[in-house]
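Novice: My questions all concern the structure below.
The values are calculated or read from the model by the stated rules, or taken from the named source; none is laboratory data. What you see is a predicted model; the values in this text were computed from it and never measured. Using ideal geometry, Cβ is built from the backbone for each residue, glycine included, and neighbour counts are taken over all protein chains shown.
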Amino acid sequence: MQKQYIFYLFIALSLSFPFTRVPAQSNPKTPGLVKGAAGSNSDTIGSTLSLPQAVRIAIKNNLAVNTYDLVMQQDKINLHQAWDYLLPTLNGSANQGMGFGRSLNTYNYTYVNEQTNSGNYGLNTGLILFNGFYYQNNIRQNRYYYEAGKMDLQNQKDQITLSIILDYLQVLSNQDQLAITRETADVDAKQLTRLDSLSKAGWSPSHPFSDLPNLQGQYASDLANIATAENTLELAKIALFRDLNVPYKRDAAYDRGALAMQLTDYQESPDSIYQTALQVVPAVKAADLRIKSFQKAVLAAGGLYYPTLSFGASVNTLYNNTTTTSIPGAITNQPTGDYITVGGTQYNVIGKQQSFTSQNISFGDQFNNNRSYSIGLTLNIPILNYFQRRNGVKTAKVNLKTQEVNANNLRLVLQQIVEQAYQNMILAYKQYKSYIDQDAAFAEAFRITEIQFNEGVIGVDANIYLPAKRLADQAKLFLAQAKYTYIFRTKVLDYYQGRLTL
């Protein structure tokens, strides 16, 4: 019984072995760069599709995002498994068989010639005490890899966010261009109405007869431009819904105040933006975390050079249906086989003898009586194993070097992208400022020309009115486009600084 208590005590101590495990998280939160996505959390598109809602829907339905999320979940499972390797093993075994002919009764080690049913049963446990800190470094390796996976997921979410912002801005820009095109047509329609009234009234001598047909041709061109603008707007909305990965909703409205902002000169320099990007961009964080992961992989591979010390214990028992025991019976007087001679006559010697009967031992009794226990330490010393450990260390170092090269290249590419994005922003801002002045100048020029046209000083065919109107209309369109281009360029730079807002 003392051996039994020792075994159970070992099991209790093994299960209480101190270890720390990462708590399970059903939806791990990643340190995203997108902030300020306020508004309804509903993913059902109502009468108005807001930008934050569009971003949420796109992230939820995007295949790449869902793929990265599944990869991250697998990394999380791998991390938990790395922790589980610190637990002791516990395994049971059972072997039940039937024998025919001559066999050995393992209970009393006698041979019998009959059908036998026998079984062996066991329970064993083991615990790695030391293996060169392989498991500890493996835990750190998988933890860094899991954190890198979260950064990859967040990076994909950020890319989708920028793509949706661009789509949303394109819709708003096309709405503005359609409105400007319709305003242009309205101006021409009013002039047509005025000239038509003059024509019906007998025509004004201040306007030649060619004014009406020329203006009618311009109005027809305006209607064609409206059709083109309407089609361009619908295509932009379809592209947005395609990136949302939801059915197109033609009558959806869009929040025009979502990106209302004061358009001013961007203050940060490209160097400061790049230095900030190194700290906040998820792709850079993921690359650095993978370097740490591969560093731990090198240590884990090197730990396999060391001997492995493990502790083990087991309990076993057996059963055989031919096993019997003798049951004492009645005591009777029986001849002993000896005799004595009295007066020349032999007499048998009578003695008391105990009778016995044979009885099979039950399964339960054999299971309890045949138990045996063992406890011990095992030391496994690697000497020559096809150089697997040495090559494993070399492979881990190559993987580490590859990741370091990738991380350095990522920083170089990031610096170039930031510089390019900054230059694009500078160009967009200069164009926006220039188009403001252009719009004001051409609008004023057309105002004066329109006054002269209404007074009959000039006509439509004088190559003054229509060109002036065309320049004023184009200036409005260019300004609308430049506005949204500059907004998007600033959003890209905000992303690299971790302050992208919706």
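Novice: Considering each of GLU444, GLU404, GLU450 in turn, give the residue that is among the acidic types (Asp, Glu) and under 33 Å from the mean Cα position of the chain (by Cα).
Specialist: It is GLU404.
Novice: I would also like to ask the following. Looking only at the range 359-415, how many residues end up being over 24 Å from TYR134 (Cβ atoms), β-branched (Val, Ile, Thr) and free of Cβ contacts under 8 Å to residues at least 40 places away in the same chain?
Specialist: Residues meeting the conditions: 2.
Novice: Could you tell me whether LEU79 is part of a loop (DSSP other than H, G, I, E, B), in contact (Cβ under 8 Å) with a residue 40 or more places away in the chain, touching a Phe, Trp or Tyr at 6+ places or on another chain (Cβ under 7 Å) and surrounded by 16 or more Cβ atoms within 10 Å (Cβ to Cβ)?
Specialist: On the way: part of a loop (DSSP other than H, G, I, E, B): no; in contact (Cβ under 8 Å) with a residue 40 or more places away in the chain: yes; touching a Phe, Trp or Tyr at 6+ places or on another chain (Cβ under 7 Å): yes; surrounded by 16 or more Cβ atoms within 10 Å (Cβ to Cβ): yes.
No.
Novice: If you check THR89, THR106, which single one turns out to be modelled with pLDDT of 95 or more, in contact with a strand residue (DSSP E or B) (Cβ under 9 Å, 6 or more places away or on another chain) and closer than 30 Å to GLY312 by Cα?
Specialist: Residue meeting the stated conditions: THR89.
Novice: Something else: Among the residues of the range 301-317, are any free of Cβ contacts under 8 Å to residues at least 40 places away in the same chain, in contact with a Ser or Thr (Cβ under 6 Å, 6 or more places away or on another chain) and assigned to a strand (DSSP E or B)? Break it down into steps so the answer makes sense when it comes.
Specialist: From the range 301-317, those free of Cβ contacts under 8 Å to residues at least 40 places away in the same chain are none; that's our starting set.
No, every residue in the range 301-317 fails to be free of Cβ contacts under 8 Å to residues at least 40 places away in the same chain, in contact with a Ser or Thr (Cβ under 6 Å, 6 or more places away or on another chain) and assigned to a strand (DSSP E or B).
Novice: Filtering the range 177-191 down to residues that are under 16 Å from ASN231 (Cβ atoms) and of a type outside the set (Gly, Ala, Ser), which residue is surrounded by the fewest Cβ atoms within 10 Å (Cβ to Cβ)?
Specialist: Filtering the range 177-191 for residues that are under 16 Å from ASN231 (Cβ atoms) and of a type outside the set (Gly, Ala, Ser), the one surrounded by the fewest Cβ atoms within 10 Å (Cβ to Cβ) comes out as ARG182.
Novice: Filter the range 250-267 for residues that are at pLDDT 90 or above and surrounded by 15 or more Cβ atoms within 10 Å (Cβ to Cβ); which is farthest from TYR422 (Cα to Cα)?
Specialist: Filtering first and then ranking leaves ALA252.
Novice: From LEU414, LEU410, which residue is crowded, with 18+ Cβ neighbours inside 10 Å, under 25 Å from the mean Cα position of the chain (by Cα) and in a helix (DSSP H, G or I)?
Specialist: LEU414
Novice: Is it the case that GLN170 is closer than 30 Å to ASP255 by Cβ, within 19 Å of the chain's Cα centre (by Cα), part of a helix (DSSP H, G or I) and not β-branched (Val, Ile, Thr)?
Specialist: Numbers: closer than 30 Å to ASP255 by Cβ: yes; within 19 Å of the chain's Cα centre (by Cα): no; part of a helix (DSSP H, G or I): yes; not β-branched (Val, Ile, Thr): yes.
Spelling it out, it is not the case that GLN170 is closer than 30 Å to ASP255 by Cβ, within 19 Å of the chain's Cα centre (by Cα), part of a helix (DSSP H, G or I) and not β-branched (Val, Ile, Thr).
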